[in-house]
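The values are calculated or read from the model by the stated rules, or taken from the named source; none is laboratory data. Keep in mind that this is a model prediction, so the values were computed, not measured. As a convention, Cβ positions derive from the backbone with ideal geometry for all residues, glycine included, and neighbour counts pool all protein chains shown. In case anyone asks, the SASA skips ligands and DNA or RNA and just uses the protein heavy atoms, side chains included. Shrake-Rupley method; radii C 1.70, N 1.55, O 1.52, S 1.80 Å.
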Amino acid sequence: GRSIDRAHRMRRVSSSVTIEARIDEVWPYVSQFKWWPEWGVSVIEVDSDVDRIAPGVMGRVRTPVGLWLPFEIDEVSEESFWSWSVAGIPATNHHIESQTNGTLVQFTAPWIVAPYSVVMTSSLARLKRLAENPRHFSDPG
């Protein structure tokens, strides 16, 4: 629809990183809730009735200041893209693309929350460490 087209054209800030791992090795870290606190700087805990992203899945995340915020997964393209809304507001888009030298991961957010790009950059660095060194991390599941 028209509102989706407008939302996709909205100006966004982005941060990206290339991870030296295959896309099928990176995708579980970004799609399974148990891994989010391991790399997501703004997520301390996830509470949901399911264990992974899918369109329409709802839950809540606990922020570093202890505040619980409701979320809903808006759109998912397996091993490629997912977006969500937090507290009813469209939030980060997560783009994942296979490349010859690994996997490119890009997070984008509405320009209105441009300072959040610092959080995205830090989270991507943590995701890179996790995905490139999985033996150094225990499964939180």
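Computed 3J(HN,Hα) for the stretch 121-128, one whole-Hz value per residue from the Karplus formula 6.51 cos²θ - 1.76 cosθ + 1.60 where θ = phi - 60°, is 4, 5, 5, 5, 4, 5, 4, 4, glycine and proline marked x.
The phi torsions of the stretch 41-50, fed into the Karplus equation with coefficients 6.51, -1.76 and 1.60 and a -60° offset, translate into couplings of 4, 9, 10, 9, 7, 10, 10, 7, 6, 10 Hz, rounded to whole numbers, with Gly and Pro shown as x.
Applying 0.36 nm per residue to the separation of V118 and N133 and subtracting their alpha-carbon distance, the gain on full extension is 3.1 nm.
Computed over protein heavy atoms with a 1.4 Å probe, the carbon and sulfur contribution to the accessible area of the chain reaches 52%. Surface exposure of the chain, expressed per residue as accessible area with a 1.4 Å probe, stands at 57 Å².
Spin-label pair T63-I44: with each label point 7 Å from Cα along the Cα-Cβ axis, the two points sit 1.2 nm from one another.
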